[in-house]
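Report on the following structure.
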Amino acid sequence: MATKKIFSGVQPSGNLHLGNYIGAIKNFVNLQNEGNECIFCVVDLHAITVKQDPKILKQNIRETAATFIASGINPKKSIIFNQSSVSAHSQASWLLSCVARMGWLNRMTQFKEKAGKDKEKASVGLYIYPVLMAADILLYDATHVPVGEDQKQHLELARDISKKFNTDFNAADFFKIPEPLIQKNFARIMSLKDGTKKMSKSDPSDLSRINLTDTENEIINKIKKAKTDTNPFPTSIDNLKSRPEIENLIGIYSSLSGTKIEDLLNKFKGQNFSLFKEDLSELLIKKISPISKEINKLNKDISFIDQVLKEGSEKANELSSKKIEDIKKKFGF
Ligand code: AQP
């Protein structure tokens, strides 16, 4: 099978959580281990679309790189770097923002969600963020982009920008048309407190998410307090549709254990939720605690993380510098 060229990124906005892991990072590791050419970016330029404390941002950049490594991304096999250290990203973003259309950006639902009611006060960066994301991907001729389901629309925009550029400059195949890699089931992990909202770093309630750095007791406590209802354990998949919190917990269990939903429904039928929650906590501790311990260890080894980021940035600079020159030439510069 031909190898894929993979690019994906995670924002260093703190509190990396189970949604980031199941929706994205777990797949990064699988794609790397299948022998694909992988580039994983700590997208710090994306993080500043909302205000960040510079000192905390610096720590979060390192912690995100540490999380990649702790989860199984091997810096000897994959490129790990932070976006702001490779200037081609900002340059390509400007150039591509002159290709992207306002109408396309106006349709982005994530901007509407994140800007909320007060759009006038949102940063211009938050609005054009998907163009920077397109630049990230297209600069490396990535063929496949593993993301959570919430990023699907942004990836479609990257495809539209790529196609329009190739047409406008009469340059078929200049940019690749990247394919999203989104897992079929449970590609969107929801908040533990509200099954209609995605699990998110910026949710003010820490009880809404399992952080990848949570201790065993924190995991047990959060799962105990996760919202359920007073009805019995569901007996059929149809029964899950109107119960988003239950569907989410069962989805997390299924994704982490590789067990089919039907088999889980059979296993826990007739039981009360406390037993299911105990089992789920145990599974989470088994999967998350080794990562959390490794993150804590790596967080103390700043010089190692800085070296990984430095070497990754050098490789990413090498790969992107030719492409950015070619893009500029197309514009006539
Ligand atoms: N809840 C989720 N379920 C599945 N996948 C998710 N991802 C994020 N949340 C979920 C995926 O994780 C990758 C990295 O996301 P990101 O950090 O770059 O940005 P985000 O999507 O904005 O993540 P958050 O947690 O919601 O952060 P805040 O609160 O800061 O906005 C992406 O592939 C994303 O799909």
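The values are calculated or read from the model by the stated rules, or taken from the named source; none is laboratory data. On a predicted model such as this, the values are computed, not experimentally measured, just so you know. Note: ideal-geometry Cβ built from the backbone for every residue, glycine included; neighbour counts use all protein chains shown.
Key figures for this structure:
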item	result
Odd one out for A2, checked against (1) crowded, with 23+ Cβ neighbours inside 10 Å; (2) away from the ligand (no atom under 16 Å from the Cβ)	(1)
Index of the failed condition, K55 passing every other in (1) closer than 23 Å to D203 by Cα; (2) within 16 Å of the ligand (Cβ to nearest atom)	(2)
Flag for V131 being in contact (Cβ under 8 Å) with a residue 24 or more places away in the chain, in the same structural domain as F28 (by TED's automatic domain parsing) and part of a helix (DSSP H, G or I)	yes
Some residue of the range 4-11 being over 25 Å from S123 (Cα atoms), among the hydroxyl-bearing types (S, T, Y) and either modelled with pLDDT under 95 or in contact with a strand residue (DSSP E or B) (Cβ under 6 Å, 6 or more places away or on another chain) (or both)	no
Residue match in the range 40-50 (condition: among the β-branched types (V, I, T), modelled with pLDDT of 95 or more and either assigned to a helix (DSSP H, G or I) or away from the ligand (no atom under 16 Å from the Cβ) (or both))	no
Hits in the range 135-166 (condition: among the small types (G, A, S) and in contact with a helix residue (DSSP H, G or I) (Cβ under 7 Å, 6 or more places away or on another chain))	A135, G148, A158, S162
Residue in the range 158-204 that is farthest from the ligand (Cβ to nearest atom), counting only those that are among the aromatic types (F, W, Y) and assigned to a loop (DSSP other than H, G, I, E, B)	F169
So E282, is it more than 15 Å from I223 (Cβ to Cβ) and of a type outside the set (V, I, T)	no
The range 76-86 - residue that is touching a residue at least 12 places away in the same chain (Cβ under 8 Å), more than 18 Å from the chain's Cα centre (by Cα) and part of a loop (DSSP other than H, G, I, E, B) and, of those, farthest from F28 (Cα to Cα)	V86
Candidate set from the range 5-17 (those that are within 8 Å of the ligand (Cβ to nearest atom) and not in a loop (DSSP other than H, G, I, E, B)); member that is farthest from L192 (Cα to Cα)	S8
Neighbours by Cβ (under 9 Å, 6+ apart or cross-chain): first from the range 19-43, assigned by TED's automatic domain parsing to the domain that holds S254; second assigned to a strand (DSSP E or B)	none
Residue check for I25: among the aliphatic types (A, V, I, L, M), buried (at least 23 other Cβ atoms within 10 Å of the Cβ) and in a helix (DSSP H, G or I)	yes
Selected residue (criterion: nearest to S242 (Cα to Cα)) from residues of the range 185-205 that are surrounded by fewer than 17 Cβ atoms within 10 Å (Cβ to Cβ) and free of Cβ contacts under 8 Å to residues at least 24 places away in the same chain	K197
Residue match in the range 144-159 (condition: over 29 Å from K51 (Cα atoms), surrounded by 14 or more Cβ atoms within 10 Å (Cβ to Cβ) and modelled with pLDDT of 95 or more)	yes
Residue within the range 167-184 that is under 23 Å from P244 (Cα atoms) and in contact with a helix residue (DSSP H, G or I) (Cβ under 8 Å, 6 or more places away or on another chain) present	yes
Test for N106: is it modelled with pLDDT of 95 or more, buried (at least 17 other Cβ atoms within 10 Å of the Cβ) and of a type in the set (S, T, N, Q)	no
Condition met for S90 (without any contact (Cβ under 8 Å) to a residue 60 or more places away in the chain, within 20 Å of A316 (Cα to Cα) and surrounded by fewer than 19 Cβ atoms within 10 Å (Cβ to Cβ))	yes
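Okay, residues lined up against (1) exposed (fewer than 15 other Cβ atoms within 10 Å of the Cβ); (2) modelled with pLDDT under 95; (3) of a type in the set (V, I, T):
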residue	(1), (2), (3)
S97	no, no, no
M102	yes, no, no
S123	yes, no, no
I128	no, no, yes
